[in-house]
Structures are given as structure tokens and as C-alpha cells.
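Colleague: Quick one: this structure, given as C-alpha cells, is what I'll be asking you about.
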Amino acid sequence: MRLVLVLLLCLVVSLPGIKQLPADGHEVLVLGSVQEMAANGDWVVPYFNGEPRLNKPPLNYWATGLLAWGSGSLPVVLPWHGRLVSVFAALLLVAFTYLWGGRITSPRTAQIAAAMMAVSAGVFSYAHDARPEMLYACLCAVAYLGFGVTLLEKHRPATPGRVYCCWALLGLATLTKGPQIPLLLLLALALFVLFSARARERWSRLHPISGFLLMAGVIAPWAIALNAAVDSTMLQHSQLGGALLIPELSNLADPYYLYRPLQLVLPWWIAPLALFLLDEQRDLPRHCAFYLLVSICVAAIGLSFGTQQRFFYMLPYLPMLFLLSAIGIERLQRSKIGRALLYFQMLTIFGVLAWLCYEARTVREMLAAALVLLAVAISRRYFRLPQHMPTTIVASCSIAALIFGLFGPSDAFWSDDRRHKYQFGSGVIGRLDAGRPIYAWVTNPNVYVYYARRRIPQIQELARFHIDHDQEVLVISPATRVADLKPYFSITTVGAMPRDAPDRDVVLAVRHR
């Protein structure tokens, strides 16, 4: 019953707005690629804007295409098709944090961790995202938790079936976004086994040789097909060819991955504080804290060797972060100062809700806020929550779910830019004559490629404008760069974004003077 309630919290956070929210400039790369793969009939090589997009493996494309096919809309792919994949992944991530996290730590700790994670900014943001981040996080984290159950449980025999499932999940994760996090998790796993007692016996439980072969077997069919379909020179210099796996030492001294990923745990500002309250001897037998902590430390160091710094690369480590934080929160409950901090955490989240309701100035949100507090009071009495979970955490989770559920579809958490690009792309560019050539002048055409469902070459230099003297073409340009074209071409404005748009684009009819 409690798992069902936690999953309902996750749905309240994840589902609202997945249909209404316009796609952003990153999501359209997935959605548009699926459209072009379906149109080409080629599900091996991703294409976008008429060219191979050798950035990401295709598992997320396949899942999105399957949902679009199931809904009967393929080859048209809508934003909610991609986002629903992320919603399912978020539900699985929360469920396995509850189930397998409880077997690594304790059921009570896992309940707190799963509930907090279900209403975190990381789950909210990336469950509303068609990119592969949440699916990648789910596959990686569930595999690591499964390995943890195998290594740390003493009273149950190791299950080879579960171990091989975890190896297969790492293979699927590699097919989703690449081998970076799976390799870091395997390194953390090796370090844990190396520094623990009975290292040889623990390592044999993981069936490393056959497991790694299984992982490679999951990846191999697509990798072989890709190499046969794509020119080797093009593949070698792409992300799929390992361009991002080359270590870069310049970021190693930057503590970016020690602080910036904490954005994912908001509004739980108390979580980092709780991490410092761990006492393995008192709270965690069987080296549980070390198993969870070593994965985070290896990731923070390993990702610092990367050429890119992206805080969401740490999304697969949310279960580990929240399980450790939940242990600290249980310790906070034992002191008056700790309980006061938990009440202050609850009041902080309620303050955010009150501010958002005030900004919205509608009775609906204020009434909903009152109802959720009433529901918390009733549930506390009915479920006897103090025996299972701190009442302050239950109230905080409920209020945070209300915030994300009510205001998730609104502009409170999203920039206006995606709305303006959607209106311009679907309402203006999508209705232009498909027979007229169209180009993008020093502006990113990705969103327009998706909504117009046509190829839009990008031009960065005037010398690359090859227009016949009797030909008129369409050009999408930033409003601030139209003046660059006027000395050379005759220009007529066909459509434009509203004047208050932050990055205002216009579409022009252009011909030689």
C-alpha cells in the first residue's frame, strides 16, 4: 500500500503538462530523429534535418517510436510520446529505490528515500523531458541497486538471474546514452569488492566474465549494424565513435560535480546536511553506506575528466543520494534540533507553495493547498505514519507534489522561449509553402525542423547563400541580424515572433536585388 502511495506521488509530479508543454530545443532532437527514422524506414542510423545524427544510441528513439506507433500517429511523433518513456522510467526508478533500496538499507529508510525522490526537481524536470536522461538513469541505477542486493544481503542466497538481469540493464543503458555511467558504476563496484571482506567470494557472486559478455551481447547487434551502415571516418569523429570518452584534465580541479548536481535534489535542501550525519557503525550494517557512497565519489571524480560539464549526468545517482540522505534524516529525528530542522524544511516548501498561489492569484490553487494539508492530517491518523515515516516528511512530500502537480504545466518552471518557438514553428513556419526552399540564417533551426517536418539547412556565412537571380527563398533569421542581409538582398517579412520574445526570430522572403 505504501509503495502505491509513493508511486502516486511520482505520477502527480510527472504526468501534468506532458501533453501541453511545448518541446524545447533538446527534445526536438529526439522527436525529430524518430520522425525521420520512421520516414526513412531505417531504425539503425538516427537522422535529423536530413543528416546522420551520430550523437546518441537509439534505445530511447526505439521506445519513443514504439509509443508513437502504438498511439497510431507514427510517422508523426508528438512530445508526449517521448515524455511518457521518461515517466515510465521515473516510476521504475522510484519503485526499485523503494524495493531494492530497502533490502540494501532498511524498508523504513527506503520509504523515506523513495518518497523524497518522487517529488524532487530531478524527477520532475526529466520526467517532463523526451531526452534519454531519465531512461538512462533508471537502467543504470536499478542495475547498481540490484548488484548491491546481491553483495550485501546475507540471509538470502545470491540469485544468478537477478545478477544477469543487472548486466543486461547496463547493456541497455549503453544503448540508451553510451557507456560512460555504466563503466563508472562497474568501477565503483570493483572498488567496493576490492576493499571489502571476502572479496573473492563477493566478486564471484557477480559472475563478472559471463555478465560482461552478456552486456556486450546486448550492445553488439546494433553496433555491428551501425558500422556496416555508416562511413567509418564519419563514425570515428562522432560521439558514437567515442569522441567524449577522451579524458580532459582541465576540469579535474573544478568541484562542479560536488555542488551543482544538488540542484537535482531540490526542494530537499536538508538532504546534503543529512549526508554528514551518517554513522555506519550505528545505522548501517553490512557496509551499506560505503557501497552507496563509493558510487557517488567515483562518478564525481570520473565525470570531472569529461570534456563537458552537465549536472544532469549525476541523475543516475539520485537513488544513492536519497538513500544516504534518508539515513541521515532518521538520525535527525532523534534530536530536538534535528526535528526542528525537519519542520523548517516543511515550512520552506509550504512557503514556496504559498508564493506560487499568490502569484497565480486563483482560488483553485489556494483551495487545493488547503485540501492537501487536510489529507496529510487524515493520512497521519489513518496510516499511523509516525511508526513508518516522519510526519514532517509526509507533509513536505505532499506539499511538493502539489506544487509540481498544479504548476508543472504552467510557465512557473519553464522559460517562455519554448512557447514562442512552438507558436512560431507550428503557426508560421509549419504553414509556409513546402515547395519553397527555406534556410536558417545564424539561428538554430532544430525546433523549426521538427514542427515544420522539413529540412532547413543552417547558413553561417553570406557567401554560402546560393540564390538564383530569379529565385525567391525563405530565410529564418534573428530579428537582430536582418540588417546583415539588407545590403545584398530584397527582403519582405513573412512572419515574426512577438516583440517581447527573448530570442526573437523572423521569417523573410529573400531574393537578389
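Colleague: Does region 312-331 hold any residues that are open to solvent by 10 Å² or more (accessible area, probe 1.4 Å) and either within 18 Å of residue 139 (Cβ to Cβ) or touching a Leu at 6+ places or on another chain (Cβ under 7 Å) (or both), and which are they?
Modeller: Applying the first criterion (open to solvent by 10 Å² or more (accessible area, probe 1.4 Å)) to region 312-331 yields 312-313, 321, 330-331.
312, 313, 321, 331 - these are the residues of region 312-331 that are open to solvent by 10 Å² or more (accessible area, probe 1.4 Å) and either within 18 Å of residue 139 (Cβ to Cβ) or touching a Leu at 6+ places or on another chain (Cβ under 7 Å) (or both).
Colleague: Okay, next question. Given the options 435, 495, 425, 430, name the one that is out of contact with any strand residue (DSSP E or B) (no Cβ under 8 Å at 6 or more places or on another chain) and at pLDDT 85 or above. Reasoning before the result, please.
Modeller: Numbers: 435 fails: at pLDDT 85 or above; 495 fails: out of contact with any strand residue (DSSP E or B) (no Cβ under 8 Å at 6 or more places or on another chain); 430 fails: at pLDDT 85 or above.
When all the criteria are applied, what remains is 425.
Colleague: Filter region 1-50 down to residues that are surrounded by fewer than 15 Cβ atoms within 10 Å (Cβ to Cβ), out of contact with any Lys or Arg (no Cβ under 9 Å at 6 or more places or on another chain) and not aliphatic (A, V, I, L, M) and give me whichever is nearest to residue 426 (Cα to Cα).
Modeller: Taking the candidates together, the pick is 20.
Colleague: If you go through region 443-462 one residue at a time, do you hit one that is among the hydrophobic types (A, V, I, L, M, F, W, C) and over 26 Å from residue 30 (Cβ atoms)?
Modeller: Within region 443-462, the subset among the hydrophobic types (A, V, I, L, M, F, W, C) is 447, 449, 452, 456, 459, 462.
Okay, now just the ones that are also over 26 Å from residue 30 (Cβ atoms), so 462.
Within region 443-462, one or more residues are among the hydrophobic types (A, V, I, L, M, F, W, C) and over 26 Å from residue 30 (Cβ atoms).
Colleague: Can you name the number of the only condition in (1) open to solvent by 60 Å² or more (accessible area, probe 1.4 Å); (2) modelled with pLDDT under 75; (3) within 30 Å of residue 335 (Cβ to Cβ) that residue 389 fails?
Modeller: Status for residue 389: all satisfied but (1).
Colleague: Scan 411, 417 and give me the residue that is assigned to a helix (DSSP H, G or I) and closer than 25 Å to residue 121 by Cβ.
Modeller: Values: 411 fails: assigned to a helix (DSSP H, G or I).
Matching residue, one of 411, 417: 417.
Colleague: Taking residue 480 as the residue in question, decide whether it is open to solvent by 60 Å² or more (accessible area, probe 1.4 Å), polar (S, T, N, Q) and more than 27 Å from residue 418 (Cβ to Cβ).
Modeller: Working: open to solvent by 60 Å² or more (accessible area, probe 1.4 Å): yes; polar (S, T, N, Q): yes; more than 27 Å from residue 418 (Cβ to Cβ): no.
It is false that residue 480 is open to solvent by 60 Å² or more (accessible area, probe 1.4 Å), polar (S, T, N, Q) and more than 27 Å from residue 418 (Cβ to Cβ).
Colleague: If I filter region 219-242 down to residues being touching a residue at least 40 places away in the same chain (Cβ under 8 Å), assigned to a helix (DSSP H, G or I) and open to solvent by less than 90 Å² (accessible area, probe 1.4 Å), which single residue comes out as farthest from residue 399 (Cα to Cα)? It would help to see each step written out before you state the result.
Modeller: If we filter region 219-242 for residues that are touching a residue at least 40 places away in the same chain (Cβ under 8 Å), which is where we start, we get 219, 222, 225-226, 229-230, 234-235, 238-241.
Narrowing the set further to residues that are assigned to a helix (DSSP H, G or I) leaves 219, 222, 225-226, 229, 234-235.
Okay, now just the ones that are also open to solvent by less than 90 Å² (accessible area, probe 1.4 Å), so 219, 222, 225-226, 229, 235.
On the way: 219: 42, 222: 44, 225: 49, 226: 47, 229: 51, 235: 48 Å.
Here the answer is 229.
Colleague: Would you check if there is a residue in region 199-211 being surrounded by fewer than 16 Cβ atoms within 10 Å (Cβ to Cβ), basic (Lys, Arg) and either farther than 23 Å from residue 106 by Cα or touching an Asp or Glu at 6+ places or on another chain (Cβ under 7 Å) (or both)? Before the answer, list the steps.
Modeller: We begin by selecting, within region 199-211, every residue surrounded by fewer than 16 Cβ atoms within 10 Å (Cβ to Cβ); these are 199-201, 204, 209-210.
Narrowing the set further to residues that are basic (Lys, Arg) leaves 200.
With either farther than 23 Å from residue 106 by Cα or touching an Asp or Glu at 6+ places or on another chain (Cβ under 7 Å) (or both) added as a condition, the list becomes 200.
Within region 199-211, one or more residues are surrounded by fewer than 16 Cβ atoms within 10 Å (Cβ to Cβ), basic (Lys, Arg) and either farther than 23 Å from residue 106 by Cα or touching an Asp or Glu at 6+ places or on another chain (Cβ under 7 Å) (or both).
Colleague: Go through the residues of region 108-126 one by one and say whether even a single one is over 21 Å from residue 90 (Cβ atoms), at pLDDT below 95 and outside any loop (DSSP other than H, G, I, E, B).
Modeller: Yes; the residues of region 108-126 include at least one that is over 21 Å from residue 90 (Cβ atoms), at pLDDT below 95 and outside any loop (DSSP other than H, G, I, E, B).
A quick yes/no check of all residues on (1) in contact (Cβ under 8 Å) with a residue 24 or more places away in the chain; (2) acidic (Asp, Glu); (3) not in a helix (DSSP H, G or I):
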{"site": "444", "(1), (2), (3)": "yes, no, yes"}
{"site": "454", "(1), (2), (3)": "no, no, yes"}
{"site": "463", "(1), (2), (3)": "no, no, no"}
{"site": "466", "(1), (2), (3)": "no, no, yes"}
{"site": "471", "(1), (2), (3)": "yes, no, yes"}
{"site": "476", "(1), (2), (3)": "yes, no, yes"}
{"site": "486", "(1), (2), (3)": "no, no, yes"}
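Colleague: Quick check on my filter: what residues within region 333-345 are surrounded by fewer than 22 Cβ atoms within 10 Å (Cβ to Cβ) and not basic (Lys, Arg)? Give the derivation first.
Modeller: Restricting attention to region 333-345, the residues satisfying the condition of being surrounded by fewer than 22 Cβ atoms within 10 Å (Cβ to Cβ) are 333-344.
Of everything in region 333-345, those that are surrounded by fewer than 22 Cβ atoms within 10 Å (Cβ to Cβ) and not basic (Lys, Arg) turn out to be 333, 335, 337, 338, 340, 341, 342, 343, 344.
Colleague: Is it fair to say residue 186 is in contact with a helix residue (DSSP H, G or I) (Cβ under 9 Å, 6 or more places away or on another chain), crowded, with 16+ Cβ neighbours inside 10 Å, at pLDDT 90 or above and closer than 19 Å to residue 143 by Cα?
Modeller: yes
Colleague: Related question: Pairs only if they're at least six apart or on different chains, beta carbon under 6 angstrom, first in region 308-331 and assigned to a loop (DSSP other than H, G, I, E, B), second not aliphatic (A, V, I, L, M); list them, first residue then second.
Modeller: Pairs found: 309/256.
Colleague: Condition first: within 15 Å of the chain's Cα centre (by Cα), farther than 22 Å from residue 206 by Cβ and crowded, with 23+ Cβ neighbours inside 10 Å. Can you find one or more residues in region 165-175 that meet it?
Modeller: no
Colleague: Restricting the search to region 345-359, which residues are aromatic (Phe, Trp, Tyr) and in contact (Cβ under 8 Å) with a residue 12 or more places away in the chain? Explain how you work it out, then say what you get.
Modeller: Just the residues of region 345-359 that are aromatic (Phe, Trp, Tyr), to begin with: 350, 355, 358.
Across region 345-359, the qualifying residue is only 350.
Colleague: Mind telling me which of the residues 184, 194, 175 ends up being under 19 Å from residue 132 (Cβ atoms) and out of contact with any Ser or Thr (no Cβ under 9 Å at 6 or more places or on another chain)?
Modeller: Details: 184 fails: out of contact with any Ser or Thr (no Cβ under 9 Å at 6 or more places or on another chain); 194 fails: under 19 Å from residue 132 (Cβ atoms).
Only one candidate qualifies: 175.
Colleague: Quick one: is residue 144 closer than 30 Å to residue 77 by Cβ, of a type outside the set (Val, Ile, Thr) and assigned to a helix (DSSP H, G or I)? Before you say what the answer is, go through the steps one by one.
Modeller: Numbers: closer than 30 Å to residue 77 by Cβ: no; of a type outside the set (Val, Ile, Thr): yes; assigned to a helix (DSSP H, G or I): yes.
So residue 144 does not fit the description; no.
Colleague: Next question. Would you pick out the residues in region 60-95 that are open to solvent by less than 60 Å² (accessible area, probe 1.4 Å), farther than 24 Å from residue 454 by Cα and of a type outside the set (Ser, Thr, Tyr)?
Modeller: Correct list: 84, 85, 87, 89, 90, 91, 93, 94, 95.
Colleague: Moving on. Collect the residues in region 288-297 that are over 15 Å from residue 109 (Cβ atoms) and either open to solvent by 20 Å² or more (accessible area, probe 1.4 Å) or at pLDDT below 85 (or both), keeping them in residue-number order.
Modeller: To start, the set of residues in region 288-297 that are over 15 Å from residue 109 (Cβ atoms) comprises 290, 294-297.
Listed by number, the residues that qualify are 290, 296, 297.
Colleague: Related question: Taking region 483-513 as the search range and keeping residues that are of a type in the set (Val, Ile, Thr) and open to solvent by 50 Å² or more (accessible area, probe 1.4 Å), which one is nearest to residue 447 (Cα to Cα)?
Modeller: In the first step, residues of region 483-513 are kept if they are of a type in the set (Val, Ile, Thr); the result is 491-494, 506-507, 510.
Subset that is open to solvent by 50 Å² or more (accessible area, probe 1.4 Å): 492-494.
Working: 492: 23, 493: 20, 494: 18 Å.
That would be 494.
Colleague: Scan region 141-164 for residues that are of a type in the set (A, V, I, L, M, F, W, C) and open to solvent by 30 Å² or more (accessible area, probe 1.4 Å) and report the count. Let's see the steps before the verdict.
Modeller: To start, the set of residues in region 141-164 that are of a type in the set (A, V, I, L, M, F, W, C) comprises 141-143, 145, 147, 149, 151-152, 158, 163.
Next cut, open to solvent by 30 Å² or more (accessible area, probe 1.4 Å) only: 158.
The number of residues fulfilling the criteria is 1.
Colleague: Given the criteria in contact (Cβ under 8 Å) with a residue 40 or more places away in the chain and within 30 Å of residue 350 (Cβ to Cβ), does residue 63 qualify? First the steps, then the outcome.
Modeller: Working: in contact (Cβ under 8 Å) with a residue 40 or more places away in the chain: yes; within 30 Å of residue 350 (Cβ to Cβ): no.
So residue 63 does not fit the description; no.
Colleague: With the checklist (1) under 27 Å from residue 305 (Cα atoms); (2) in contact with a helix residue (DSSP H, G or I) (Cβ under 6 Å, 6 or more places away or on another chain); (3) open to solvent by 60 Å² or more (accessible area, probe 1.4 Å) in hand, flag the one item residue 214 doesn't pass.
Modeller: All conditions pass for residue 214, except number (1).
The values are calculated or read from the model by the stated rules, or taken from the named source; none is laboratory data. Here the structure is a predicted model, which is why all the values come from computation and not from measurement. When we count neighbours, we look across all protein chains shown, and the Cβ atoms used for this are built from the backbone with ideal geometry, even at glycine. Quick note on the areas: whole protein, heavy atoms, side chains included, nothing else; ligands and nucleic acids left out. Shrake-Rupley method; radii C 1.70, N 1.55, O 1.52, S 1.80 Å.
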